[in-house]
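One structure below.
Readers should treat all values here as calculations from the given coordinates under stated rules, not as data from a laboratory. Model, not experiment: these values are computed from the prediction. Please note: Cβ atoms are built from the backbone with ideal geometry, for glycine as well, and neighbour counts cover all protein chains shown.
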Amino acid sequence: MTPTREIRLARLLILLSIILSIVLALVALLAATAVFLGRMPMPGAWAIGALVFALLAGAGSLSGVLALRALGMGRAREASYYAFVAVVLPPPNLVMLLAGGLLYFVSREPVARATATPG
């Protein structure tokens, strides 16, 4: 695979990961809303847990957006760091881990640095 293809694949994987993280955050917010409205028979601790999960999933999505932005600016190494931060935040995102690893190892090659920079 050429560095340009690897960067395009990483960009696609990051975008997919962001979408999945946003969907999970919305589902957690929906569950918390259902608990607060009394539609689901769950203890209050679950609602707080769902809100914390939604907050951390939102932070993971933000980190993914920052990775996508850094990749668009041609900074593959910085994008890999943002992707690794998004992996650590719940939910653990294996798609983002794959994209971050791909960007980390591609950014070590001088050819990749030349192709990642916007023309």
*Taking the Cβ-Cβ separation of L16 and F105 as r and a Förster radius of 22 Å, what is the calculated FRET efficiency to the nearest 0.05?*
0.70
_Classify the stretch 1-88 from the C-alpha gyration tensor, please: rounded if a/c falls under 1.5, else prolate or oblate depending on whether a/b exceeds b/c._
prolate
